[in-house]
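In what follows, a single structure is set out as structure tokens and then discussed.
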Amino acid sequence: MPKLHISLPDGSQMDHELTDETVTVGRAPDNTFHLDDVSVSSHHAQISPKGDGFILKDIGSTNGTKLNGTSLNADEEHVLNAGDKIQFGKVDSVFDPDSAGEETQELPEVDDHVLPVAKSSAKPSNFMNASPFQKKTAKKDPAGLAIYALAAIALLASLVVTVMVFGMGFKP
């Protein structure tokens, strides 16, 4: 299946298979292949089959389309060859007419092996590790404990001072 290997300016890559009769490329969502990049026109270019190959045509884009570094004139058809580098604005791509050469991986053979039923099972000690809501455990906070102890001592000291002050004022 013919493909375009796209390299976006942000470094991400994607492939687009050329399965439709005519593939339109552009920033507008009504294109066959939507490229969301400011350098790509809303309707930038089109790729369509012709004979045994494919042709590329710029359809009046603002930032232009380049084929192997050469700027294309609007509405001129250019035959695509394997490995051609196409640039839609600032978006780079490579034309791959036949991806059949890619490595394919065979599916594994079906194994009719039947697993035996367990004869016994052990009861778990608790189900906490299976719960999505983990039990909250109290954390020890030595600094908080020290603050509470100092506050208690300060309160006791102020109480003692208050008793002593009132005790001095009432001597018979």
ask   = Once the other residues with Cβ under 12 Å from the Cβ of Ser93 are scored (Lys, Arg +1; Asp, Glu -1), what is the net sum?
value = -1
key: 1.4 Å probe accessible area per residue over the stretch 3-103, in Å²   = 55 Å²
ask   = If all Cα-Cα distances of the stretch 11-78 are sorted into 10 Å bins from 0 onward, what percent lands in each bin, rounded to whole numbers?
value = 21, 54, 25, 1
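If we count every other residue with Cβ under 11 angstrom of Asp84's Cβ, Lys/Arg +1 and Asp/Glu -1, where does the sum land?
Working: positive: Lys66, Lys85; negative: Asp96.
Summing Lys/Arg as +1 and Asp/Glu as -1 gives +1.
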Calculated from backbone phi, Karplus (6.51, -1.76, 1.60) coupling profile of the stretch 26-36 in Hz, x at Gly/Pro = x, 7, 6, x, 7, 6, 5, 10, 8, 10, 8
remark   = The percentage of the accessible area of the stretch 1-108 (probe 1.4 Å, all protein chains present) made up of carbon and sulfur atoms, to the nearest whole number, is 45 percent
message = How charged is the neighbourhood of Pro49? Take every other residue with its Cβ under 14 Å from the Cβ of Pro49, and add Lys/Arg as +1 and Asp/Glu as -1.
response = -3
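The values are calculated or read from the model by the stated rules, or taken from the named source; none is laboratory data. Predicted, not measured: the structure shown is a model, and the values here were computed from it. Cβ coordinates were reconstructed from backbone atoms using ideal geometry, including for glycine residues, and neighbour counts include every protein chain displayed. The area values use the complete protein model at the heavy-atom level, side chains included, leaving out ligands, DNA and RNA. Shrake-Rupley method; radii C 1.70, N 1.55, O 1.52, S 1.80 Å.
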